[in-house]
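Here the structure comes first, spelled out in structure tokens, and everything after it is commentary.
The values are calculated or read from the model by the stated rules, or taken from the named source; none is laboratory data. No experiment lies behind these values; they were computed from the predicted model shown. Cβ placement follows ideal geometry from the backbone for every residue including glycine, while neighbour counts extend to all protein chains displayed. Each accessible area value is taken on the protein alone, full model and side chains, heavy atoms only, with ligands, DNA and RNA left out. Shrake-Rupley method; radii C 1.70, N 1.55, O 1.52, S 1.80 Å.
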Amino acid sequence: LHCAFNMETVEMNSVSLKRPHSEDDVANADEIKRRKISEKSKTENDSGQTVETITGQPDKLLLEDVKNDIIPNEESEEQEEEDLESDEDGDPESFADMMKHGLTESDVGITKFVSSHKGFSGILKERYSDFVVHEIGKDGRVSHLDDFSVPVDDEDPSEETFTVLSDEDKQRLEELQLLKNKETSVAIEVVEDTKEKRTVIHQAVKSLFPGLETKTEDRDGKKYIIAYHAAGKKALANPRKHAWPKSRGSYCHFVLYKENKDTMDAINVLSKFLRVKPNIFSYMGTKDKRAITVQEIAVLRITAQRLAHLNKCLMNFKLGNFSYKNHPLKLGELQGNHFTVVLRNITGTDDQIEQAMHSLREIGFINYYGMQRFGTTAVPTYQIGRAILQNNWNEVMDLILKPRPGAEKGYLVKCREEWAKTKDPAAALKKLPVKRCVEGQLLRGLLKYGMKNIISAFGIIPRNNRLMYIHSYQSYVWNNMVSKRIEEYGLRAVPGDLILKGATAVHIEEGDVDNYAIHDVVMPLPGFDVIYPKHKIGEAYKEMLVADNLDINNMRHKIRDYSLSGAYRKIIIRPQNVNW
């Protein structure tokens, strides 16, 4: 059976496959082997379409790409490419082992279904090409990569600038640019000396290595172009402002097509090749790793020409549909995503499948936060978020660094053991070849600020990663409260529920209740700027937070970053244009 759902949803939703609980770890192992084999035969990529599944058996476990490493590794590019195959699924023992300690749906409040039919099961994402995602922008346009042309611009350097420097020159210039050696300049001999040739070399150095300046010198009757730092270290942070034409928008927007990489990893790779910091990129939403995805990205002051050149040297990515605009992109500024999904090895009768698909189309699904929100190891991210909100910084440090059951990379296990034994950040850091993971960042912070200042040490972790922990706790509360709400009142609107009028939440009054359906009802993510339902579930929110030593009426944190304003989220989503 080959089904393609085209789902355009008003919010980003996570619909995830349920796979049987580990009745049989051997079956898990077999599935991994199958996955590996099918990954290697990527050429059979039938329709190249995408996968998401819903099944209706409560005894099943949501596995949302348990293997995804959340943290990009700081490795050489070649190494990264080699590791893609081997790292994808780990060995069967570690997979089965991890599942023993991984979270189940009920651990994170996912316990209800929208309908009572039998349901069916199948394999989701057996190949990454079984799951295709196209972003839908806020204007309702679906992102497609269909134009590789570069906007013509008189200011662009000639094509020759990309080929005129030898690899050795580029290596030396990069070391100079990043201040990696003692040299204060690099001399490049001009072999066929013409004014045009010199101009191209000057342009190449300045456009490919922002922050370097050039001049021409005669040495022993030969012409050399000397590259040097324009203004010490400052120049690196601020790529030559004057070189960007005033008439051109400061941001180059482009469509990124990627296979089997998550959005953050993709941006880390692009920034490595462009020799810039990742934070000059912006996007509207992160897309799945195990998938083929198409989305819009914006980057500050990098020309379309330079970006187009990456198509020649990058595996698993393509960039195109370039344009210049005056604004970056903001997280969440999208209407949704369009999914095309293949499910394989379907179990269930045609009738059961029809029932399930009709339910998806007519009723929709409960808009739970999916398993990927809560991490893939034995320490769920919501526990760390809760400790931050409680201002319990020793607990935050402990949860991130202490030994944990389940499979992890060997060096992480050693690092945790060292930490448990010595509580010495320097000794624990020595065990980590990869310093960019959260553990490495926190240990570096502790080394820098000392064990008495965990707050500052934790602050070394990038802001988005820190906030992820708190958002995870909010999601955990939301999932639990929605399950309670459906248990208590079923799938209809009741007095005291919340609906949105514009951006403002209002309660449904007794006399008004017939004007609303369950699809109109929203529930709050806890915070200082939201109101709560006026029925039993409003109290349930308070009780859940009291049990976690938190006060629902005081969600402001003394560290402003960790203050939660809250938000509203629809409890049932009905996808549009579902077909199969």
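Here are a few things to note about the model shown:
- Cross-chain or 6+ apart pairs with Cβ under 7 Å, region 427-449 first and assigned by the TED database to the domain that holds VAL396 and touching a residue at least 60 places away in the same chain (Cβ under 8 Å), then open to solvent by 90 Å² or more (accessible area, probe 1.4 Å) and part of a loop (DSSP other than H, G, I, E, B): VAL434/GLU74; LYS435/GLU74; ARG436/GLU74
- Residues that are over 16 Å from LEU545 (Cβ atoms) and in contact (Cβ under 8 Å) with a residue 40 or more places away in the chain, drawn from region 461-482: ARG463, ARG466, LEU467, MET468, TYR469
- Hits in region 559-574 (condition: among the charged types (D, E, K, R) and open to solvent by 40 Å² or more (accessible area, probe 1.4 Å)): ARG560, ASP561, LYS570, ARG574
- All positions within region 167-180 that are among the polar types (S, T, N, Q) and either part of a strand (DSSP E or B) or open to solvent by less than 60 Å² (accessible area, probe 1.4 Å) (or both): GLN177
- In region 251-269, the residues that are polar (S, T, N, Q) reach residues that are in a strand (DSSP E or B) with C-beta atoms within less than 9 angstrom, at least six apart or across chains, in these pairs: ASN260/ILE292; THR263/LEU256; THR263/TYR283; THR263/THR293; THR263/GLN295; THR263/ILE297.
- Of the strands (runs of 3 or more DSSP E) entirely within region 267-340, none holds at least 3 residues that are in contact with an Asp or Glu (Cβ under 7 Å, 6 or more places away or on another chain), among the charged types (D, E, K, R) and open to solvent by less than 30 Å² (accessible area, probe 1.4 Å).
- Selected residue (criterion: farthest from ALA298 (Cα to Cα)) from residues of region 225-250 that are surrounded by 20 or more Cβ atoms within 10 Å (Cβ to Cβ) and at pLDDT 85 or above: ILE225
Yes or no, residue by residue, for (1) over 30 Å from ILE363 (Cα atoms); (2) aromatic (Phe, Trp, Tyr); (3) surrounded by fewer than 18 Cβ atoms within 10 Å (Cβ to Cβ):
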{"site": "LEU432", "(1), (2), (3)": "yes, no, no"}
{"site": "ARG436", "(1), (2), (3)": "yes, no, yes"}
{"site": "SER456", "(1), (2), (3)": "yes, no, yes"}
{"site": "GLN474", "(1), (2), (3)": "no, no, no"}
{"site": "ALA493", "(1), (2), (3)": "no, no, no"}
{"site": "LYS501", "(1), (2), (3)": "no, no, yes"}
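- Residue satisfying all of: in region 137-166; at pLDDT 85 or above and outside any loop (DSSP other than H, G, I, E, B); most open to solvent (accessible area, probe 1.4 Å) among these: VAL142
- Taken over region 541-579, the criterion of being part of a helix (DSSP H, G or I) and under 20 Å from ILE366 (Cα atoms) is satisfied by TYR541 alone.
- Those residues of region 313-333 which are modelled with pLDDT of 90 or more and farther than 16 Å from GLU259 by Cα, in sequence order: ASN321, PHE322, SER323, TYR324, LYS325, ASN326, HIS327, PRO328, LEU329
- The set of residues in region 391-421 being more than 23 Å from the chain's Cα centre (by Cα), within 20 Å of ARG436 (Cα to Cα) and in contact (Cβ under 8 Å) with a residue 12 or more places away in the chain consists of MET397, LYS402, PRO403, ARG404, TYR411, LYS414, CYS415, ARG416, GLU417, GLU418, TRP419.
Here's the yes/no breakdown for (1) open to solvent by 50 Å² or more (accessible area, probe 1.4 Å); (2) of a type in the set (A, V, I, L, M, F, W, C); (3) over 29 Å from PRO524 (Cβ atoms):
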residue: ALA387; (1), (2), (3): no, yes, no
residue: ASP398; (1), (2), (3): yes, no, yes
residue: ALA407; (1), (2), (3): no, yes, yes
residue: GLU418; (1), (2), (3): no, no, yes
residue: ASP424; (1), (2), (3): yes, no, yes
residue: ALA427; (1), (2), (3): no, yes, yes
residue: TYR449; (1), (2), (3): yes, no, yes
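- The condition (being under 26 Å from ALA227 (Cβ atoms) and within 32 Å of the chain's Cα centre (by Cα)) is satisfied by just one residue among LEU165, LEU124, LEU145, LEU178: LEU178.
- Being surrounded by fewer than 20 Cβ atoms within 10 Å (Cβ to Cβ), over 24 Å from the mean Cα position of the chain (by Cα) and assigned by the TED database to the domain that holds ARG556 is a property that GLU354 has.
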